[in-house]
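Worksheet: the structure to be examined is printed underneath.
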Amino acid sequence: MTAEIISGTAISRQIREELKQEVAQLKEKHNIIPGLVTVLVGEDPASQSYVGSKVRTCEELGIYSERHDLPADIDEQTLMSLIDRLNKDPKINGILVQLPLPKHISESNVLIAIDPRKDVDGFHPINVGKLMIGEPDYLPCTPHGIQELLIRSGIETEGADIVVVGRSNIVGKPVANILMQKRAGANATVTVCHTRTRDLVSHTRRADILIVAAGKPKDVTADMVKEGVVVIDVGVHRIGKTKEGKNILCGDVDFESVKEKAKAITPVPGGVGPMTIVMLMTNTVKAAKLAAGL
Ligand code: NAP
């Protein structure tokens, strides 16, 4: 069996088109322009590139965007004052503080300071709690993107055995939470594995859907999965450069061997990655509608 490739590039393009139309209608019918602000502390090249793509995507979709680039040595209080101002700014519906932050700033203090109604990353404890009880306003972007990939590829999650490798707060835990909810596009039986899991392979081998967010290049190999599995690879690793100087990427899954056994699989790049930004835009549009009482 050679797997069907689940293209996050194609699915995210489709969602962008839908969002573009929704943003145009919000403007035309209600005079609403959703607004997203990105806050970047320091000069980490990967973070700069993520923020740049978010700003470009806003432009493409007709979303107002503001960008605050702050020096790495800024103190926590100054950052808090900026967040306070953005919380009160009616042009801004979504506030995204690019993580990671420098060590002298507490990420949890900063995330709690963001108004939960503008928390389009879905990391505020109120939004985490709302997801837990099945009443979410904003789902975190990468896990939501994974659910959307499954739904739009026609992959049934109802009753499926889903195994998640990884328990981080940004991927593993929320994706498990989303997929166990009692609702369409979820209703799965979810197992979460981590470094203290006894006999990882016994879990990965029985998964109908295997979601890998371990942060280890090509860690999941063909002998660890069953024939006909659906594999979602969240990992992103730079493993070299092409002659032209472009990054060569791979995921947490050994794509070449696993695709011979899987029914469907996401590639890296072009799988989960492109979904994260569009789900951020989806949350920003939702925040604008909620703020307007729509
Ligand atoms: P993380 O915070 O490093 O968490 C990794 C998790 O995997 C931990 O819970 C760890 O267990 C578990 N783990 C590591 N090695 C394992 C092993 N051999 N067996 C079982 N469990 C193992 O990583 P993350 O932030 O969730 O990100 C995971 C990957 O996804 C990274 O490559 C990251 O770059 C990528 N990512 C991609 C996107 C995207 O948009 N495409 C977004 C976010 C992250 P312990 O808890 O026991 O340590």
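Each value in this text was obtained by applying a stated rule to the coordinates, not by laboratory testing. Values in this document were obtained by computation on a predicted structure and should not be read as measured data. Here the Cβ is made from the backbone with ideal geometry for all residues, glycine too, and neighbour counts use every protein chain on show.
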- prompt: Roughly what angle does helix 141-152 make with the longest principal axis of the chain, taking Cα atoms, 0 to 90 degrees, to the nearest 10?
  reply: 50
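Let me check against my output: what whole-number percent is the relative contact order of the chain, with C-alpha pairs under 8 Å and at least 6 apart? The partial results should precede the final answer.
Details: 568 pairs, mean separation 63.8, N = 294.
RCO, the chain: 22 percent.
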Net length gained if the chain between His104 and Glu66 were fully extended (0.36 nm per residue, minus Cα distance): 11.2 nm
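Counting Lys and Arg as +1 and Asp and Glu as -1, each charge on the Cβ, what is the dipole of the chain about the Cα centre in debye, to the nearest 20?
Its charge dipole is roughly 260 debye.
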- request: Report, in whole Å, the centroid distance computed from the Cα atoms of region 130-146 and region 24-67.
  value: 21
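Test of the criteria: in region 197-294, which GluC sites (Glu not before Pro) are in a DSSP loop and have at most 13 other Cβ atoms within 10 angstrom of their Cβ?
Of the GluC sites (Glu not before Pro), the ones in loops of region 197-294 whose Cβ has at most 13 other Cβ atoms within 10 Å are Glu227, Glu244, Glu260.
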query: What dipole magnitude, in Debye to the nearest 20, does region 31-116 give about its Cα centre under +1 on Lys/Arg Cβ and -1 on Asp/Glu Cβ?
result: 240
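Once you keep just the Cα pairs under 8 angstrom separated by 6 or more residues, what percentage relative contact order results for region 1-154? Mind showing how you got there, number by number?
On the way: 172 pairs, mean separation 32.6, N = 154.
Value for region 1-154: 21 percent.
Once the piece of chain linking Ser81 and Ser49 is laid out straight, how much longer is it, given 0.36 nm per residue of separation minus the C-alpha distance between them?
On the way: separation 32, 0.36 × 32 = 11.52 nm, distance 2.52 nm.
Full extension of this stretch gives 9.0 nm more.
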query: Pairing the Cα long axis of helix 45-61 with the longest principal axis of the chain, what angle in degrees results, from 0 to 90 and rounded to the nearest 10?
result: 70
- request: Please find the FRET efficiency linking Ser7 to Asp199, where r is the Cβ-Cβ separation and R0 is fixed at 30 Å, and quote it to the nearest 0.05.
  value: 0.35
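To the nearest 20 debye, what charge dipole does region 141-273 have about its Cα centre, counting +1 at the Cβ of each Lys and Arg and -1 at the Cβ of each Asp and Glu? Don't jump to the answer; show the numbers that get you there.
Working: 19 positive and 15 negative charges, 76 e Å.
For region 141-273, the charge dipole is close to 360 debye.
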task: Restricting to the chain, compute how many DSSP beta bridges are antiparallel as a %, nearest 5.
output: 10
message: Of Ser108, Leu149, Cys250, which is farthest towards the positive pole of the chain's charge dipole, taken about the Cα centre with +1 and -1 on the beta-carbons of Lys, Arg and Asp, Glu respectively?
response: Leu149
- prompt: Which ³J(HN,Hα) values in Hz, rounded to whole numbers, follow from the phi angles of region 16-25 under the Karplus curve 6.51 cos²θ - 1.76 cosθ + 1.60, where θ = phi - 60° and Gly and Pro get x?
  reply: 4, 4, 4, 5, 4, 5, 5, 5, 5, 5
query: For the Cα atoms of the chain, what angle does the longest principal axis make with the long axis of helix 273-291, in degrees from 0 to 90, nearest 10?
result: 40
- line: Taking every DSSP bridge whose two residues both lie in region 141-273, the antiparallel percent to the nearest 5 is 20
- prompt: When the distances between all Cα atoms of the chain are binned every 10 Å from zero, what whole-number percent does each bin get?
  reply: 6, 27, 34, 24, 8, 1
- prompt: Which shape class applies to region 31-116: rounded if a/c is under 1.5, otherwise prolate when a/b exceeds b/c and oblate if not, where a ≥ b ≥ c are the square roots of the Cα gyration tensor eigenvalues?
  reply: oblate
- line: When the charge dipole of the chain is computed with +1 at the Cβ of Lys and Arg and -1 at the Cβ of Asp and Glu, the Cα pointing farthest to the positive end, of His68, His194, Gln25, is that of Gln25
